[in-house]
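Undergrad: Take a look at this one; I'll ask things after.
Derivation of every value follows stated rules applied to the coordinates shown; laboratory data play no part. Only a predicted model underlies this, so the values are computations on that prediction, with no experimental measurement involved. Cβ placement follows ideal geometry from the backbone for every residue including glycine, while neighbour counts extend to all protein chains displayed.
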Amino acid sequence: MDQKLEGTPKATLQLTGRSVTRSEVSNDWGTRLQWQIKRDGKEVATTVAGLDLTYEHPDTAPGKYEVVLQQFHYLNYKKDKDGKFIESKYVNISEPVSYTI
């Protein structure tokens with residue numbers, strides 16, 4: 001059975017200090033949700049969002065942090081020699097929010 005990815009998933013983020021709260025995902029594809037965290041433009045972490053609506057990154061190193069919610073966009077099973085998907089990938093489904101430490 002093929003998965004039908006209808007519509008584009010969207011969520012909104014609200015930042016309170018270092019804590020990020022997400023809305024429910026509209027047009028949810030039912031695939032993995034994750035938080036992507038960057039510090040000074042470089043990815044420092046990804047963590048499963050799952051059913052949790054709130055996330056606070058534990059890192060307190062100085063810098064500018066950016067947090068975005070992503071969902072896995074499955075296209076096919078093609079993988080490279082290291083076992084990573086070639087065409088399927090995570091896509092941003094929210095606008096990023098940022099804070100500075």
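Undergrad: Which of the lysines could be linked to Lys89 by a straight reach, that is with a Cα gap under 20 Å, when you skip same-chain ones fewer than 8 residues away?
TA: Candidates past the 8-residue exclusion: Lys4, Lys10, Lys38, Lys42, Lys78, Lys79, Lys81.
Undergrad: By how many nm would the segment from Val44 to Arg32 grow when fully extended, if each residue of separation counts as 0.36 nm and the alpha-carbon distance is taken off?
TA: On the way: separation 12, 0.36 × 12 = 4.32 nm, distance 1.90 nm.
Here the segment from Val44 to Arg32 would lengthen by 2.4 nm.
Undergrad: Could you tell me the largest-minus-smallest coordinate of the C-alpha atoms of the stretch 16-67 on each of the three principal axes, in descending order and whole angstroms?
TA: Between the extreme Cα coordinates on each principal axis of the stretch 16-67 lie 35, 21, 14 Å.
Undergrad: Going 7 Å from the Cα of Thr8 in the Cα-to-Cβ direction, what parts of the stretch 63-101 have a backbone nitrogen less than 18 Å from that spot?
TA: Within reach of a label on Thr8, which here means backbone N under 18 Å from a point 7 Å along Cα→Cβ, the stretch 63-101 contributes 68-75, 89-97.
Undergrad: Quick one: what do you get for the stretch 13-100 if you divide its Cα Rg by 2.2 N^0.38 Å?
TA: Values: Rg = 14.0 Å, N = 88, 2.2 N^0.38 = 12.1 Å.
Computed over Cα atoms of the stretch 13-100, the ratio equals 1.16.
Undergrad: Work out, step by step, the length gained on full extension between Tyr74 and Glu56: first 0.36 nm times the residue separation, then minus their alpha carbon distance; give nm to one decimal.
TA: On the way: separation 18, 0.36 × 18 = 6.48 nm, distance 2.72 nm.
Result for the pair: 3.8 nm of gain on full extension.
Undergrad: Within the stretch 12-101, report the chymotrypsin sites (Phe, Trp or Tyr not before Pro) that DSSP leaves as loop and that have at most 10 other Cβ atoms within 10 Å.
TA: Details: sites: Trp29, Trp35, Tyr55, Tyr65, Phe72, Tyr74, Tyr77, Phe85, Tyr90, Tyr99; in loops: Trp29, Tyr74, Tyr77.
Sparse-neighbourhood loop chymotrypsin sites (Phe, Trp or Tyr not before Pro): Tyr77.
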